[in-house]
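Structure first, commentary second.
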Amino acid sequence: MPKTLPHPPQPGLYLVAGPPGGGKTHWIREQLLTHPQGSAYGSPSQSGFCLDLAYLESQTPIQTIDAAQLVEVAYWAQQRPVYLELGFHVDLAALPSFPEVVPCSRIAILPPGVALSEWHSWADDLVVGMGPMVPQLPNQVQKSSLTGEVFDPASLDVVWHELTHGAYGRVQRAKGLFNLADGSTFWFSFNAGQPSHFEELPRPRCLTGRPAGLSGIEVMGWDVDAGAIAASLTASCLSDELLHHHQAQLRDAQEPVATLSESIL
Amino acid sequence: MKIAVLSCIHGNFEALNAVLRDLDHQGAEEIYCLGDLVGYGPHPNAVVEMIRSLDIPTCQGCWDEDIVEGLNACECSYPSLLAEARGKLAHEWTNARIHEEVRDYLAQLPLTLKRDDLCFAHGSPQNQHEYLMPEMNAFAALERVLAVDARILFCGHTHVPYVRTLEAGTMTVRLHHTPDQREQAFTTPLRRIVNVGSVGEPRHGRPNATYVIYDTDGDQITLREVEYDYEKTCAAIIDQGLPPIFAWRLAQGLEFAERADDPSHVCER
């Protein structure tokens, strides 16, 4: 029998799992926003960078837990709510056990209408998420860091359309954090069968040099041609010369124009 | 008499053959071609040889000019960095494979063709690269038709077919720097711009080829959409070493590289 989650979240360990695109990160974001001070987040199944973490960090201040800190997770969970997001590919039966002293909730975020899945038998709590249930889980996860890259918006629009309409293979889930030529940063999110979601992140606009914040793309699907995606993305990025020229124009447009009287004085 | 007008074949031999069969079936007695025989598609030489063998009067398209003169695109040719990269790749591929006699043929093609009060041009009578978009300012559009003394201007280049009727056009010309600042107004009879779409690289959401039949007897314009074995062209694109994304876009009825969408842009080539 599922237990009721405490609200607002209490200190403890919250293991969050579910199929791709079901709304795991979205649910964690909602929890973090109700308890903005002192929550912690980690995504131990992610190798390398974590786009979800970068997205959550842009939404609210959070304490992050990296792989090296996982051994201390029990200690952290006694002090604050700790959310560990588990990718769809994680073997739930192989998860380590945590000390009895740490309250631990296993939460499955599942698309509406799912009656039976491996997550049902694993979870303490079932949360209705979003999107359709995937009959078959993706067998490929492609990740590429794009940190420092700046995109021509018209080109990125084309690549995203191609990516989400099957040009580079069958894509179930795609997300990306992209820096655009006007200095803004956008979050792109796609679930098969649904329209893409685009959201500008509240990061300071970068009008000088290359942006340092994490950006990248993650694609889950079948027979995904990572090389072709990389080629299209590469062709969509601004060169140093073009970026410098573009940023100079943006800075000029921002500078207040001196009035005639000011100029005379 | 039925006149078939086709444009923008872009090296798609399968599509050209299907259109030639269809226009024959429709009873077209004359054929005009508005250029862009080459570029993006896998069979540029075969397409040109077919057009030549049938002795079809043909204008020079922007791709035909580029393959002769070298790339010298205005910003309107490439609305994005990605489109530019793909366009250059296609240009280099075509340039490396085109036969010299084909290049010579493309070089001597005229900018416009006239048949009585019908004018045929690729982009506009002024420039192969200029887009006559359906939303283009009516005055500018009328000027393009009047400049060549035509009743109907047939064009291509946008790959999206349309018929635009310019009715009851009134133009007022004021002459400055003359003692009486004379003003002269005149009206023009109905004029039309007909975009015939694209045979080999459609952009209307389906892979089918499009062209137009103009019936001089009833002054009727009919847009034809012709199904063909586009998968054969897609396979040839990949076999010939062109980017697979070109094949995917063709199958979707999307242009290989997107074109400009700004109807107010004046081409600076």
Practice item. Within segment A:139-157, track down each residue that is farther than 17 Å from A:C206 by Cβ, within 14 Å of chain B (Cβ to nearest Cβ) and touching a residue at least 60 places away in the same chain (Cβ under 8 Å). Key: A:S155
Review point. What number of residues in segment A:27-51 are open to solvent by 70 Å² or more (accessible area, probe 1.4 Å) and either on the phi < 0 side of the Ramachandran plot or in a helix (DSSP H, G or I) (or both)?
Key: 4
Practice item. Hey, can you tell me all the residues within segment B:139-166 that are of a type in the set (G, A, S) and surrounded by 23 or more Cβ atoms within 10 Å (Cβ to Cβ)? Key: B:A150, B:G156
Review point. In segment B:4-45, which residues are part of a helix (DSSP H, G or I) and either charged (D, E, K, R) or modelled with pLDDT under 95 (or both)?
Key: B:E14, B:R21, B:D22, B:D24
Review point. Which one of B:A90, B:A83 is outside any loop (DSSP other than H, G, I, E, B), within 14 Å of chain A (Cβ to nearest Cβ), open to solvent by less than 50 Å² (accessible area, probe 1.4 Å) and closer than 12 Å to B:V38 by Cα?
Key: B:A90
Review point. Taking interchain pairs and intrachain pairs at least six residues apart, which have beta carbon atoms under 7 angstrom, with the first residue in segment B:208-234 and over 14 Å from B:F13 (Cβ atoms) and the second aromatic (F, W, Y)?
Key: B:I221/B:Y214; B:R224/B:Y211
Exercise for review: Say whether the condition of being under 30 Å from A:D225 (Cβ atoms), polar (S, T, N, Q) and within 14 Å of chain A (Cβ to nearest Cβ) is met by at least one residue in segment B:230-240.
Suggested key: no
Review point. Which of (1) in contact with a helix residue (DSSP H, G or I) (Cβ under 8 Å, 6 or more places away or on another chain); (2) within 13 Å of chain B (Cβ to nearest Cβ) does A:A174 not meet, given it meets every other one?
Key: (2)
Practice item. Please work out which one of (1) more than 22 Å from B:L113 (Cα to Cα); (2) in a helix (DSSP H, G or I) is the condition B:M50 fails and give its number. Key: (1)
Check your understanding: When you scan segment A:21-67, how many residues do you find that are among the aliphatic types (A, V, I, L, M) and within 13 Å of the chain's Cα centre (by Cα)?
Key -> 5
Review point. Listed residues A:A167, A:A181; which is open to solvent by 20 Å² or more (accessible area, probe 1.4 Å), over 30 Å from A:D91 (Cα atoms) and not acidic (D, E)?
Key: A:A167
Check your understanding: From A:A67, A:A54, which residue is small (G, A, S), under 22 Å from A:L214 (Cα atoms) and open to solvent by 30 Å² or more (accessible area, probe 1.4 Å)?
Key -> A:A67
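The values are calculated or read from the model by the stated rules, or taken from the named source; none is laboratory data. Quick caveat, the model's predicted, so the values are computed rather than measured. With ideal geometry, Cβ positions are generated from the backbone for all residues, glycine too; neighbour counts draw on all protein chains shown. What goes into the accessible areas is simple: the full protein's heavy atoms, side chains included, and nothing from ligands, DNA or RNA. Shrake-Rupley method; radii C 1.70, N 1.55, O 1.52, S 1.80 Å.
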